[in-house]
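The structure follows.
The values are calculated or read from the model by the stated rules, or taken from the named source; none is laboratory data. Small disclaimer: the values here were computed from a predicted structure and weren't measured. All Cβ positions, even for glycine, are placed from backbone atoms using ideal geometry, and neighbour counts span all protein chains on display. SASA here: full protein model, heavy atoms, side chains in, ligands and nucleic acids out. Shrake-Rupley method; radii C 1.70, N 1.55, O 1.52, S 1.80 Å.
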Amino acid sequence: MLDIKVLRDDPERARQGALKKHFPARADAVDRALAVDAELRALIPVLDGMRAEQKQASKRIGALAPAERESFLAEQKAKKVELQKLEQKERELQDGLREALLQVPQVPDPEVPDGKDDAANLEVRRIGEPPVFDFEPLAHDDLAVSRGWLDVERAAQMAGSRNYLLFGDLALLQDAVLRFAVDHMVGKGFTAVDPPLLVRDEVMTGTGFFPGGEEQTYRVLEDGLNLIGTAEVPVTSIHAGEILDEATLPRRYVSRSMCFRREAGTYGKDTKGLYRVHQFQKVEQVVVDAADESKSRAHHEDIVRNSEEVLAALQLPYRVVAVCGGDLGVPQAFKYDIECWMPSRNAYGETHSASRFYDYQARRLKMRYRTTEGRKVIHCHTLNNTVLASPRILIPFVEVHQTADRRVRIPEALRPYLGGRELL
RNA sequence: GGAGAGAUGGCAGAGCGGCUGAUUGCACCACCUUGCUAAGGUGGCGUGGGGUUUUCGCCCCACCGGGGGUUCGAAUCCCCCUCUCUCCGCCA
């Protein structure tokens, strides 16, 4: 969330930010927050004064003579009732302020393109050429079914639509690309993490998914837990509530995990193949560092490059786009998507999403660090990016690398993960 | 799932209704002393909020796992939640 002080100083910035993200209701939350804040700030000095008075009074009680004591107690009791009433009010205001602040989105950076949906995303660069086939290429799912690698009907029988069964070489290929991605990141100094997949509401809130993302989340209400939609959630939360030593920053993590998404409100969208499914595996990179905008920007370029290196190794054509305001989430200040070329769509399709948050998540998570110089306590900055998500990545992989005889060519970098095979 | 014990500042560990935002040790910072690869002394050393000040700063409030409650007054008593440990049961 944003610092209430930032809102006080420049509420218009937060309002305009929410509007740029096409969140009109959340823009209103700015004014709600400020109204509650004003009321709260008027109340606090009054309460503090009353508490100070009470504190002094109660210290004198023991010394009083029994005669005076009784009337004094009666007086204190009366004041206490009044104080409790105001404290109740204070609690309500604090809850109201928090509720409103949680609604206020991170302000998008100036270079975020205007626009209401992904059609307005701006291409930053395009790497690699879409393949030209001298045969009729198949869509990934048709090819996979023909090879006995994929069965969505039986998956739907047991789990509903947007599910899949992977068999044989395709299941092994998935494991190979994921493991390759992890190894690549570990090689760059990232620490591998295997996190909890079921997390508490506060962790969802801390990373900015709640409030707002409840409908997209599989919730285990019986236990008050939520299935994560990305490892970003538990991994960014590792140091929640902590005050880290600046000397130990940045923290770089890479996590391979299952991800679960309800995909509510996407009925009829991307129903063919493995594009939009309820569960998938993802290798995610997360960076936590000191609150320095230029560092955050540098990290952002780094984590995008990391993923581009993986795509280069997998020999997949892709492009990088700057995500527009309307396509940005609540907590992001800026986001790059990487889109791989998907022949069956004759278009680029999103496969990666790289976000920088500045202190928006850290503030919610109460994740701070103590500066080496001056011993100040400051909220951290956080970032994350997909390294690889499967089965979606299998779409470009299988389609781009398919051969005329319905086989799949394996780029050299991946062969060690598939027993040296050059073709599947 | 059942029974019990516990959660205090970076760590260790006292306190168990008012004199405690908190004894003490370690760690850390500053200064002093001694001098030889380290010891001794003094002081400082949590977080958040509000107020005040032209600077250093000063004042007030809150916080002893989290949330309620009892009381004039709670780290200390009561209730709920979370977590940790021990024992029993169950199960991969």
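Is it fair to say A:ALA312 is within 16 Å of RNA strand B (Cβ to nearest atom) and not in a strand (DSSP E or B)? Steps first, answer last, please.
Working: within 16 Å of RNA strand B (Cβ to nearest atom): no; not in a strand (DSSP E or B): yes.
When the stated conditions are applied, A:ALA312 does not pass them.
Now, a different point. Any idea which of (1) touching a Pro at 6+ places or on another chain (Cβ under 6 Å); (2) open to solvent by 10 Å² or more (accessible area, probe 1.4 Å) is the one A:GLU350 doesn't satisfy?
With respect to (1) touching a Pro at 6+ places or on another chain (Cβ under 6 Å); (2) open to solvent by 10 Å² or more (accessible area, probe 1.4 Å), A:GLU350 is out only on (1).
For A:ALA404, only one of the following conditions fails: (1) within 16 Å of RNA strand B (Cβ to nearest atom); (2) surrounded by fewer than 24 Cβ atoms within 10 Å (Cβ to Cβ); (3) outside any helix (DSSP H, G or I). What is its number?
Tallying (1) within 16 Å of RNA strand B (Cβ to nearest atom); (2) surrounded by fewer than 24 Cβ atoms within 10 Å (Cβ to Cβ); (3) outside any helix (DSSP H, G or I), A:ALA404 fails exactly one: (1).
Here is a further query. Within the group A:THR382, A:THR371, which residue is under 26 Å from the mean Cα position of the chain (by Cα) and away from RNA strand B (no atom under 16 Å from the Cβ)? If you could, list the steps in order and put the result at the bottom.
Details: A:THR371 fails: away from RNA strand B (no atom under 16 Å from the Cβ).
Answer to the selection: A:THR382.
Can A:ALA52 be described as under 22 Å from A:ALA333 (Cβ atoms), small (Gly, Ala, Ser) and without any contact (Cβ under 8 Å) to a residue 40 or more places away in the chain? Reasoning before the result, please.
Values: under 22 Å from A:ALA333 (Cβ atoms): no; small (Gly, Ala, Ser): yes; without any contact (Cβ under 8 Å) to a residue 40 or more places away in the chain: yes.
When the stated conditions are applied, A:ALA52 does not pass them.
Kindly indicate whether A:LEU93 is near RNA strand B (Cβ under 9 Å from one of its atoms), open to solvent by less than 20 Å² (accessible area, probe 1.4 Å) and either part of a helix (DSSP H, G or I) or not assigned by TED's automatic domain parsing to the domain that holds A:GLY208 (or both). Walk me through it before giving the result.
Numbers: near RNA strand B (Cβ under 9 Å from one of its atoms): no; open to solvent by less than 20 Å² (accessible area, probe 1.4 Å): yes; either part of a helix (DSSP H, G or I) or not assigned by TED's automatic domain parsing to the domain that holds A:GLY208 (or both): yes.
No: the conditions fail for A:LEU93.
Continuing with the same structure: Please work out which residue is farthest from the chain's Cα centre (by Cα), limiting yourself to the stretch A:213-230 and to residues that are surrounded by 15 or more Cβ atoms within 10 Å (Cβ to Cβ) and small (Gly, Ala, Ser). Lay out the reasoning, then the answer.
Of all residues in the stretch A:213-230, those surrounded by 15 or more Cβ atoms within 10 Å (Cβ to Cβ) come to A:213, A:216-219, A:225-230.
Restricting the remaining residues to those that are small (Gly, Ala, Ser) gives A:213, A:229.
Values: A:GLY213: 11, A:GLY229: 9 Å.
Once the filter is applied, the top-ranked residue is A:GLY213.
Collect the residues in the stretch A:112-146 that are open to solvent by 80 Å² or more (accessible area, probe 1.4 Å) and either part of a loop (DSSP other than H, G, I, E, B) or under 15 Å from A:GLY326 (Cα atoms) (or both), keeping them in residue-number order.
Passing the criteria: A:ASP114, A:LYS116, A:ASP118, A:ALA119, A:LEU122, A:GLU129, A:VAL132, A:ASP134, A:GLU136.
Applying the selection to the stretch A:222-252, what residues are farther than 18 Å from A:ARG364 by Cα and within 13 Å of RNA strand B (Cβ to nearest atom)?
Correct list: A:GLU222, A:ASP223, A:GLY224, A:LEU225, A:ASP245, A:GLU246, A:ALA247, A:THR248.
Quick grid of which residues meet (1) in contact with a Lys or Arg (Cβ under 7 Å, 6 or more places away or on another chain); (2) open to solvent by 50 Å² or more (accessible area, probe 1.4 Å); (3) of a type in the set (D, E, K, R); (4) not in a helix (DSSP H, G or I):
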{"residue": "A:GLY148", "(1), (2), (3), (4)": "no, no, no, yes"}
{"residue": "A:SER161", "(1), (2), (3), (4)": "no, yes, no, yes"}
{"residue": "A:GLN174", "(1), (2), (3), (4)": "no, no, no, no"}
{"residue": "A:LEU178", "(1), (2), (3), (4)": "yes, no, no, no"}
{"residue": "A:GLU202", "(1), (2), (3), (4)": "no, yes, yes, no"}
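Moving on. Tell me which strands (runs of 3 or more DSSP E) are completely within the stretch A:221-308 and hold 1 or more residues being touching a Leu at 6+ places or on another chain (Cβ under 6 Å) and in contact (Cβ under 8 Å) with a residue 60 or more places away in the chain, or say none if there are none. It would help to see each step written out before you state the result.
Numbers: elements: A:225-227, A:243-245, A:251-260, A:279-289.
Result: A:251-260, A:279-289.
Taking the residues in the stretch A:15-55 that are within 16 Å of RNA strand B (Cβ to nearest atom) and among the β-branched types (Val, Ile, Thr) as candidates, determine which candidate is surrounded by the most Cβ atoms within 10 Å (Cβ to Cβ).
Within the stretch A:15-55, the first condition is being within 16 Å of RNA strand B (Cβ to nearest atom), and the residues that meet it are A:33-55.
If we keep only those that are among the β-branched types (Val, Ile, Thr) as well, we get A:36, A:44, A:46.
Working: A:VAL36: 21, A:ILE44: 12, A:VAL46: 12.
Among those residues, the one meeting the criterion is A:VAL36.
Have a look at A:VAL320, A:VAL304, A:VAL377, A:VAL286 and point out the one that is among the aliphatic types (A, V, I, L, M), in the same structural domain as A:GLY206 (by TED's automatic domain parsing) and within 16 Å of RNA strand B (Cβ to nearest atom). Don't jump to the end; show me each part of the working.
Details: A:VAL320 fails: within 16 Å of RNA strand B (Cβ to nearest atom); A:VAL304 fails: within 16 Å of RNA strand B (Cβ to nearest atom); A:VAL286 fails: within 16 Å of RNA strand B (Cβ to nearest atom).
The match here is A:VAL377.
So, one more: I'd like the full set of residues that are open to solvent by 20 Å² or more (accessible area, probe 1.4 Å) and more than 21 Å from A:ARG415 (Cβ to Cβ), limited to the stretch A:309-328.
Residues of the stretch A:309-328 open to solvent by 20 Å² or more (accessible area, probe 1.4 Å): A:309, A:312-313, A:315, A:319, A:326-327.
Hits for the stretch A:309-328 are A:ARG319, A:GLY326, A:ASP327.
Let me ask you something else. Condition check: in a loop (DSSP other than H, G, I, E, B), open to solvent by 10 Å² or more (accessible area, probe 1.4 Å) and of a type in the set (Gly, Ala, Ser). Does A:ALA413 satisfy that? Explain how you work it out, then say what you get.
On the way: in a loop (DSSP other than H, G, I, E, B): no; open to solvent by 10 Å² or more (accessible area, probe 1.4 Å): yes; of a type in the set (Gly, Ala, Ser): yes.
The answer is no for A:ALA413.
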